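One structure, as structure tokens, below. Some questions next.
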Amino acid sequence: MTTGGGADNRQEMLVGVFRDKPEMVIDLPEWMLSEKEAESYRTMEALAIVEIAGRDSVAAAVRAVSENGYKNLLPVYAYTGTDIGAWGSVEEAVRRLSWRLPSVRVHPLLVVGSPGFWRAINGRFISDLIAVYGHYTPCTGCHLYLHAIRLPLARRLGNVPVIAGERKSHSGTVKVNQVAGALDFYRHFAETFSVQLALPLADIIEGGAIEEILEMPWKRGEDQLGCCLSGNYKGVGGGLGVDAAGVIRFFNEFAGPAARRIIGEYMENRVPDHEAVAKHAMARCIKGE
């Protein structure tokens, strides 16, 4: 990894990207990922992208290395429309990953994101989503966005696998974006573009098992960025308020078709008209097509 003043300058520029949240999916700046570096990644042995978020993403990378023998890990953070918290927690997650896997090369962090994409499937058509499905939560579409947004980079680097920290249950607590069938949908979505989405923690329920994998104390929800809409789907009594069938219907009818077309455009090296794509998908939902 780069050291010295160059590293400090790069970190400042990454902070600027996180702050400004530009359209940055296929046109990563040269200072972040040059074509020479991309070519190096394409020929690199046992490379995987790591979805850097919080402790589960780091634990997922550790377990994936144990199970699959990855020798090179490329951490990639993706910003959304609702991030809150200190950017330093992202850098700290990468440092913890490097500390935990001293024999694996952890490459410099990349940052990607698209406010237009996020808004198209999570914010623009809220009224229509409520009318069609009887409810609205941004969490389901947001997690689809988070997995989808890294796929063009994975394809560019040679269809490398992507590691994520999704789990079906968190010590008995089920998140709406991880209900039955949701994780399978994320996997199948990635496979549509010939990329493997690895979820090595999917069946781990107890939080204590995560700290055992990490071999360090790291409490759930701490030292990581948060979301200003976290828990929005929960009722006063803590219930989900959304059933699994409704989530999968949302994926199959609206978010999935819209995201597939958007990612397809990115794969052709074009920035799509995100809103127009989502509007077309929503119009079909309203018509019951």
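Quick one: is residue 131 more than 14 Å from the chain's Cα centre (by Cα) and either under 25 Å from residue 29 (Cβ atoms) or surrounded by fewer than 21 Cβ atoms within 10 Å (Cβ to Cβ) (or both)? Before you say what the answer is, go through the steps one by one.
Details: more than 14 Å from the chain's Cα centre (by Cα): yes; either under 25 Å from residue 29 (Cβ atoms) or surrounded by fewer than 21 Cβ atoms within 10 Å (Cβ to Cβ) (or both): yes.
For residue 131, the condition - more than 14 Å from the chain's Cα centre (by Cα) and either under 25 Å from residue 29 (Cβ atoms) or surrounded by fewer than 21 Cβ atoms within 10 Å (Cβ to Cβ) (or both) - is met.
Another one. Would you point out which residue out of 94, 90 is touching a Phe, Trp or Tyr at 6+ places or on another chain (Cβ under 8 Å) and within 19 Å of residue 162 (Cα to Cα)?
Values: 94 fails: touching a Phe, Trp or Tyr at 6+ places or on another chain (Cβ under 8 Å).
Sole residue among the options that is touching a Phe, Trp or Tyr at 6+ places or on another chain (Cβ under 8 Å) and within 19 Å of residue 162 (Cα to Cα): 90.
How many of the residues in the range 187-200 are in a helix (DSSP H, G or I) and out of contact with any strand residue (DSSP E or B) (no Cβ under 6 Å at 6 or more places or on another chain)? If you could, list the steps in order and put the result at the bottom.
From the range 187-200, those in a helix (DSSP H, G or I) are 187-192; that's our starting set.
Next, only the ones that are out of contact with any strand residue (DSSP E or B) (no Cβ under 6 Å at 6 or more places or on another chain) stay: 188-189, 191-192.
The qualifying residues number 4.
From the list 97, 73, which one is closer than 17 Å to residue 211 by Cβ, more than 14 Å from the chain's Cα centre (by Cα) and surrounded by 20 or more Cβ atoms within 10 Å (Cβ to Cβ)? I'd like the intermediate steps shown before the answer.
Numbers: 73 fails: closer than 17 Å to residue 211 by Cβ.
Exactly one of 97, 73 is closer than 17 Å to residue 211 by Cβ, more than 14 Å from the chain's Cα centre (by Cα) and surrounded by 20 or more Cβ atoms within 10 Å (Cβ to Cβ), namely 97.
In the range 222-266, which residues are modelled with pLDDT of 90 or more and closer than 14 Å to residue 143 by Cβ? Spell out the reasoning first.
Just the residues of the range 222-266 that are modelled with pLDDT of 90 or more, to begin with: 248-266.
The answer is 248, 250, 251, 255, 256, 259.
Can you name every residue in the range 38-53 that is touching a helix residue (DSSP H, G or I) at 6+ places or on another chain (Cβ under 7 Å) and either of a type in the set (Ser, Thr, Tyr) or within 15 Å of residue 199 (Cα to Cα) (or both)?
Narrowing the range 38-53 to residues touching a helix residue (DSSP H, G or I) at 6+ places or on another chain (Cβ under 7 Å): 38, 47-52.
Correct list: 48, 49, 50, 51, 52.
Only one of 108, 102 is over 18 Å from the mean Cα position of the chain (by Cα), modelled with pLDDT of 95 or more and surrounded by fewer than 17 Cβ atoms within 10 Å (Cβ to Cβ); which? Break it down stepwise before answering.
Numbers: 108 fails: over 18 Å from the mean Cα position of the chain (by Cα).
One residue alone meets the criteria, 102.
Please go through the range 66-85 and pick out each residue that is touching a helix residue (DSSP H, G or I) at 6+ places or on another chain (Cβ under 9 Å) and either within 23 Å of residue 156 (Cα to Cα) or among the charged types (D, E, K, R) (or both). I'd like the intermediate steps shown before the answer.
Kept after step one, since they are touching a helix residue (DSSP H, G or I) at 6+ places or on another chain (Cβ under 9 Å), are these residues of the range 66-85: 66, 70-83.
If the condition is that a residue be touching a helix residue (DSSP H, G or I) at 6+ places or on another chain (Cβ under 9 Å) and either within 23 Å of residue 156 (Cα to Cα) or among the charged types (D, E, K, R) (or both), then 70, 71, 72, 73, 74, 75, 76, 77, 78, 79, 80, 83 are the ones that fit.
Can you find, within the range 46-91, the residue that is modelled with the lowest pLDDT among those that are in a loop (DSSP other than H, G, I, E, B) and out of contact with any Leu (no Cβ under 8 Å at 6 or more places or on another chain)? Steps first, answer last, please.
The first filter runs over the range 46-91 and keeps only residues in a loop (DSSP other than H, G, I, E, B), leaving 46, 52-54, 69-71, 80-82, 85-87.
Going one step further and asking which of them are out of contact with any Leu (no Cβ under 8 Å at 6 or more places or on another chain), we end up with 46, 69, 81.
On the way: 46: 96, 69: 95, 81: 86.
Only one residue fits best here, namely 81.
The values are calculated or read from the model by the stated rules, or taken from the named source; none is laboratory data. Only a predicted model underlies this, so the values are computations on that prediction, with no experimental measurement involved. A quick note on method: Cβ atoms are made from the backbone with ideal geometry, for glycine too, and the neighbour counts reach across all protein chains shown.
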